[in-house]
Amino acid sequence: MSNKIKMGMDEKIFNIANYILLAIFACIFIYPIIYVFSAAVSKPYFVESGVVTLFPKGFTLESFKTAMNLTGMWRAYGNSIFITVVGTAVSMFFTITGAYVLSKPELKFRKLITMLVIMTMWFDPGIIPRYLNFRDLYLINSYTGVILGFAINTFNVIILKSFFEAIPKSLEESARIDGASQFQIMTKIYLPLSGSALTTVSLFYAVSRWNGYFWTMVLLIDDKKAPLQVFLKKLIIEKDMAGEASQMITMESLTSPQTVIYAVIALSLIPILTVYPFIQKFFKKGVTLGAVKG
């Protein structure tokens, strides 16, 4: 006897509509990525004339070679890696400890503190007051300002807090009977059981750090400290200032400022596209299990 439950017509229609809608959204989000890589390996003539829409035309890797040989390219890449790795580690430390404390019912004024934390999601100090705060703390042109100034995302704290609250309290009680401290309980019980949530939050922080542009541009005024996104912005500005007439693009042209920019964008996408497939399986579980309790 089959254990499968037959779906009604309304459920079948809903599933079909759901798949169609998801497929449309997938195409909308995937197309720009495909276009960037296609334009980066196409001849400039086809890119500028609008012939390249999905697949590359006139395949060539010269734009990638030029991009990798740009002055300051790898220094900016290294700066982005440093900010992402160190920034994510610092963010995870503060987020884990903050979420763990807020998940404890015995914490005095827990509801008030939680409400104050959540209020930071609703009210933002604004760009100018925040910049003045960085200036008064002497954090301009310092990695400390970029890393510590944006170390915590309230949404991520709430995710981990809810996840920690869903862990059975009996495990903690048993550990306390055995004489474990709060630090030992957190590191030996909570963190090993929260792998999916920790991976998800780490991904959120890593992507945010890697794509960070505005505040790194404002705070890191030294070009030697600028990350890849700021370096890319300068390339685009230089291209616009030079103008399209500065280089005659023909069928024989192998590179142009536009295709080199696409190559830099493609290089900036590679780390995230490489890492994401390995942690994608934790993504759904980490978000949904963290939403069991409010």
- Take the residues in region 164-178 that are part of a helix (DSSP H, G or I) and not small (Gly, Ala, Ser), then tell me which one is farthest from the chain's Cα centre (by Cα). Ile177
- Message: Here are the criteria: (1) surrounded by 15 or more Cβ atoms within 10 Å (Cβ to Cβ); (2) closer than 26 Å to Leu160 by Cα. Tell me which single one Gln184 does not satisfy.
- Response: (1)
- Task: Run down Val36, Val47, Val52 and say which single residue is under 21 Å from Leu254 (Cβ atoms), free of Cβ contacts under 8 Å to residues at least 60 places away in the same chain and either assigned to a loop (DSSP other than H, G, I, E, B) or out of contact with any strand residue (DSSP E or B) (no Cβ under 9 Å at 6 or more places or on another chain) (or both).
- Result: Val52
- Of (1) under 24 Å from Pro277 (Cα atoms); (2) over 15 Å from the mean Cα position of the chain (by Cα), Val207 satisfies all except one. Which? (2)
- Task: Among what's in region 41-54 and is of a type in the set (A, V, I, L, M, F, W, C) and surrounded by 12 or more Cβ atoms within 10 Å (Cβ to Cβ), pick the residue that is nearest to Ile265 (Cα to Cα).
- Result: Val41
- Message: For the structure I just gave you, tell me whether Val264 is under 30 Å from Pro105 (Cα atoms) and either out of contact with any Gly (no Cβ under 9 Å at 6 or more places or on another chain) or in a helix (DSSP H, G or I) (or both).
- Response: no
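Go over the candidates Tyr45, Tyr77, Tyr31, Tyr35 one by one and state the one that is of a type outside the set (D, E, K, R) and under 23 Å from Leu220 (Cα atoms).
Among Tyr45, Tyr77, Tyr31, Tyr35, only Tyr77 is of a type outside the set (D, E, K, R) and under 23 Å from Leu220 (Cα atoms).
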- Looking only at region 194-229, which residues are assigned to a helix (DSSP H, G or I), farther than 30 Å from Gly126 by Cβ and either at pLDDT 90 or above or in contact with a Leu (Cβ under 8 Å, 6 or more places away or on another chain) (or both)? Ser196, Ala197, Leu198
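Conditions tested, residue by residue: (1) of a type in the set (Phe, Trp, Tyr); (2) at pLDDT below 90; (3) farther than 26 Å from Ile185 by Cα.
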residue: Phe55; (1), (2), (3): yes, yes, yes
residue: Ile83; (1), (2), (3): no, no, yes
residue: Ala99; (1), (2), (3): no, no, no
residue: Asp124; (1), (2), (3): no, yes, yes
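The values are calculated or read from the model by the stated rules, or taken from the named source; none is laboratory data. A quick note: this is a predicted structure, and the numbers were derived from the prediction, not measured. For neighbour counting, all protein chains shown are included, and Cβ atoms are generated from backbone atoms with ideal geometry for every residue, glycine included.
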